[in-house]
Amino acid sequence: MLLRVLSWNVHGCIDYRGRYRPGDIVDQLEAMDADIVALQEIETGPGARGDGRDLRQLLTRTVAPYQVFAGTLQRAAGSYGHILLSRFPVERARIIDLPRLDVEPRKLIHGRLCVNGQPVDVFAAHLGFRRREQSEQIRAIARRMKRASGPAILLGDLNERFRRGATFRALNPGFESAPRRATFPSRWPVLPLDQIWFSGFDIVHSRVVREAGRLSDHLPITARLRLASKRHRSE
């Protein structure tokens, strides 16, 4: 089984010139053709940007039919938060409050997907900016990921600048990551804020999608994962 996974902070669908471009974001997502997608900084509701379109409905129609949304801020025109999209059925889902020090609440999406009959736990997150906050949040996520009974994937904007920081300490050993590549700022990327971690899979390929650099302040990161053999997973 081969899975294509993607994480992208779409910055409210605002491009580097300040233009609202949800249609171009959706077109780029369709071109990247991922099976499981985590998007951060999503604004939903038909009045979110005054154009009458609900981005969640648009994503469900065009990118993937199953979704789990975690709203972190409620605004007059709609909700703001992050979303998990899947081409595979979501057997169950939870939205979990994460420790916070900042003004903005942070939440973890935990979806149990049925991938061709195989349960896969997928976690999607957008962590805070402060190092202490990040450390507490990733430890809370790691505890849940380590309770997964089978393959597991973490996708998200973890806002961590250091390659061997709190995330590495919390998830290694036990989980592997796609190669850490700079994703922010998108036009001259220097910081590896966006990450993919997994267990029960072998990584086949990973890349940062540079052609999407004009659509957000982050670049998308993608990976192709192959389900590892039972013998390999037990080692």
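The values are calculated or read from the model by the stated rules, or taken from the named source; none is laboratory data. Because the structure is a prediction, the values reported are computed rather than measured. When we count neighbours, we look across all protein chains shown, and the Cβ atoms used for this are built from the backbone with ideal geometry, even at glycine.
Note on the stretch 59-152: enclosed strands (runs of 3 or more DSSP E) holding 1 or more residues that are over 23 Å from L225 (Cβ atoms) are 66-75, 78-86, 90-97, 107-115.
Taking I203 as the residue in question, decide whether it is surrounded by 13 or more Cβ atoms within 10 Å (Cβ to Cβ) and within 20 Å of I95 (Cβ to Cβ). No: the conditions fail for I203. Considering R163, R181, the condition of being within 21 Å of H82 (Cβ to Cβ), in a loop (DSSP other than H, G, I, E, B) and in contact with a Pro (Cβ under 7 Å, 6 or more places away or on another chain) is satisfied by R181 alone.
For the stretch 61-72, taking the residues that are at pLDDT below 95 and in contact with a Phe, Trp or Tyr (Cβ under 8 Å, 6 or more places away or on another chain), the one that is farthest from A31 (Cα to Cα) is identified as T72. Here V208 meets each of (1) within 24 Å of R17 (Cβ to Cβ); (2) of a type in the set (V, I, T); (3) loosely packed, with under 15 Cβ neighbours inside 10 Å with one exception, condition (3). Taking each residue of the stretch 101-120 that is among the β-branched types (V, I, T) and looking for partners that are in a loop (DSSP other than H, G, I, E, B) and surrounded by 15 or more Cβ atoms within 10 Å (Cβ to Cβ) with beta-carbon atoms closer than 7 Å, six or more apart or interchain, yields V115/F88; V120/P151.
Could you tell me whether the stretch 212-227 includes any residue that is touching a strand residue (DSSP E or B) at 6+ places or on another chain (Cβ under 9 Å), over 18 Å from D33 (Cα atoms) and at pLDDT below 95? Yes, some residue in the stretch 212-227 is touching a strand residue (DSSP E or B) at 6+ places or on another chain (Cβ under 9 Å), over 18 Å from D33 (Cα atoms) and at pLDDT below 95. Could you run through the stretch 6-46 and say how many residues are farther than 21 Å from L155 by Cα and part of a loop (DSSP other than H, G, I, E, B)? Of the residues in the stretch 6-46, 8 are farther than 21 Å from L155 by Cα and part of a loop (DSSP other than H, G, I, E, B).
Restricting attention to the stretch 81-104, and to residues there that are modelled with pLDDT of 95 or more and of a type in the set (V, I, T), which single residue is surrounded by the most Cβ atoms within 10 Å (Cβ to Cβ)? Of everything passing the filter in the stretch 81-104, I83 is surrounded by the most Cβ atoms within 10 Å (Cβ to Cβ). Looking at this structure, is R75 under 24 Å from L219 (Cβ atoms), modelled with pLDDT under 90 and out of contact with any helix residue (DSSP H, G or I) (no Cβ under 7 Å at 6 or more places or on another chain)? Considered against the rule, which asks whether it is under 24 Å from L219 (Cβ atoms), modelled with pLDDT under 90 and out of contact with any helix residue (DSSP H, G or I) (no Cβ under 7 Å at 6 or more places or on another chain), R75 comes out as no. Taken as a whole, the structure leaves R147 outside the set of residues that are under 24 Å from E104 (Cα atoms), over 17 Å from the mean Cα position of the chain (by Cα) and of a type in the set (K, R).
Within the stretch 22-53, the set of residues being at pLDDT 90 or above and among the charged types (D, E, K, R) comprises D24, D27, E30, D33, D35, E41.
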